[in-house]
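Have a look at the structure below before the remarks.
Any read-out appearing in this document is the output of simple, stated calculations on the displayed coordinates, not a laboratory observation. Remember, it's a predicted structure, so these values are computed and weren't measured experimentally. Quick reminder, even Gly has a Cβ in these numbers, built from the backbone with ideal geometry, and neighbours come from all protein chains shown.
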Amino acid sequence: MSFNNIKQKLSVFLRRVKPIAGLAITDDGLYLTVFSGAANTTILNKKFAFDELTAGNISKGLKKLKIEPKIDFSSVIVSLPLSESYTALFEFPLIVENKQIEEAMNLAVSTLPVSEAEIYSDWMPLENIKTKKKEAVLGMAKKISIDSYLKIFDENKIAPVAIETYAWSLGQFLEEGDDIVMMAVEQFDSLVFTIYDGKIPYFHFSLPKEIFNNEEDFLKSSIHHIKRLIHFVLSENNRSREIKSIIILGSGELKKFLKENISGVDFKEIKEIGSSDELGHFIALGAAKRGLIPRREDAIVSLMPIGTELAYERHRLVSFLDFFQKFSIGFAGFLVVLFTGALIMVRALSSNVEKSLQKETAFPVELAETRERAKSFNEAVAQMYKIQSASPLWQKVFSEVEKYANIGISISQISVNENGSISFSGNAASRDSLIFLKNQIANSAVLDTEQLPLSLFLNKENINFTIRAKLKDSNFLYQPI
């Protein structure tokens with residue numbers, strides 16, 4: 001590895017600009033999109049096709065995509081079919097404060113028909129100046145399904161930064177604002193309708209093709225459902241929301257038929273599909289667009305056991321390990337060359353020691369260049385350590401919380417920020433286990449926790465809990481391990 005390559009890799013790591021790929025998992029294959037080039041102007045699309053969606057085929061596809069020339073990625077934003085998740089819209093009065101909305105959304109997750117221990121969930125506020133209320137969009141997915149995907153990525157040393165569904169990925173092609181757009185996406189077995197408020201999907205409906213006897217009946221039903229959805233959005237929101245445009249992603253026949261039979265709305269096209277017109281590449285491109293959002297601004301719903309910001313930190317760690325591994329190999333070769341050169345130089349100088357002592361030694365130009373390069377490299381490494389020392393060591397929080405994951409206690413979710421606020425959720429097998437956890441935390445030298453509600457101790461078994469705490473020492477996150 002040349003010195004210029006080392007500087008480039010180090011600069012990429014320090015500026016956190018290693019590209020994050022967009023990956024769409026569909027019934028017929030894996031679709032990968034990566035931005036590259038100056039200002040991320042180049043779009044690289046790759047596909048690994050298979051006949052059946054299985055864990056083995058996904059793993060084979062990831063291995064194949066990782067060795068593709070010109071494709072360099074270690075982290076991805078994953079987009080899954082809509083059937084993998086559920087989306088719900090919650091409304092609140094304007095006078096409700098954001099903290100109250102957060103508490104209400106956490107309560108909503110705990111009161112779902114499905115046990116909180118069986119799902120991953122996330123939510124985000126939905127802003128629209130035309131509506132006279134506050135809203136939040138909740139997304140959730142079955143833990144067993146998401147964990148199966150995470151296992152595959154872990155085995156292939158790929159770090160998912162976020163997991164979303166097609167609807168969220170396709171929303172990246174829309175404009176920010178309050179415009180209400182309907183998107184109809186034709187898949188091989190269904191037609192999926194999604195309603196967007198700006199970029200955010202808050203309602204979707206699937207029309208299966210198998211219930212129709214022929215193509216004509218399917219097309220007529222499509223018109224019927226589009227008109228009903230237009231009327232539903234208008235009446236449900238007291239005319240504060242109105243669908244004024246529709247985007248059709250499907251066959252030419254479907255687009256033509258709908259345009260001829262639906263009036264009063266504009267039909268828009270999206271031209272950002274790159275060199276491919278396959279829906280899978282379109283979805284992967286939308287996921288890759290999310291990867292360009294600065295990490296602290298990415299508040300989009302993600303169906304993972306950890307928050308998006310912590311996932312970005314994992315991405316950074318994976319990028320660093322990849323850089324360090326390649327650097328170690330290159331630096332070892334550099335030392336061999338340097339030692340050989342030094343040995344030759346010593347032998348040349350020793351052949352005429354007396355003469356060398358009588359005059360100023362003139363070192364070769366190459367040695368001076370090598371010294372300047374080493375000096376530049378040492379300065380870059382010093383800068384790297386300086387930045388690292390100012391970055392939170394999230395793994396210390398994980399290690400502290402893992403101390404409590406025993407004797408009937410399982411931890412399912414951890415949330416932490418740089419201000420030292422920590423919360424983690426889990427399940428206690430019995431009341432005794434919960435009491436044991438309470439006593440352990442009370443004696444913690446690291447965490448200062450809130451009191452657990454007494455209502456939790458009324459249950460005897462299978463007790464879901466959430467613990468909120470703050471770090472006793474704010475420097476804990478920055479102290480070396």
Extension gain E176-E402, at 0.36 nm per residue separation less the Cα-Cα distance, in nm? 77.3 nm
What FRET efficiency comes out for the pair E418/F188, r = Cβ-Cβ distance, R0 = 51 Å, nearest 0.05? 0.65
How many nm is it between the label spots at E127 and S474, if each spot is 7 Å from the Cα in line with the beta carbon? 2.7 nm
For the residue pair S148 and N464, what label-to-label distance in nm results when each label sits 7 Å from Cα along the Cα-to-beta-carbon direction? 2.2 nm
Hey, which of these cross-link pairs are over 20 Å Cα-Cα: K99/K134; K227/K259; K134/K470; K143/K199? K134/K470; K143/K199
Mind giving me the FRET efficiency for N214 and A88? R0 is 41 Å, r the Cβ-Cβ distance, nearest 0.05 is fine. 0.75
Check each of the GluC sites (Glu not before Pro) in the stretch 131-233 and keep only those in coil by DSSP with at most 15 other C-beta atoms within 10 angstrom; list them in order. E175, E176
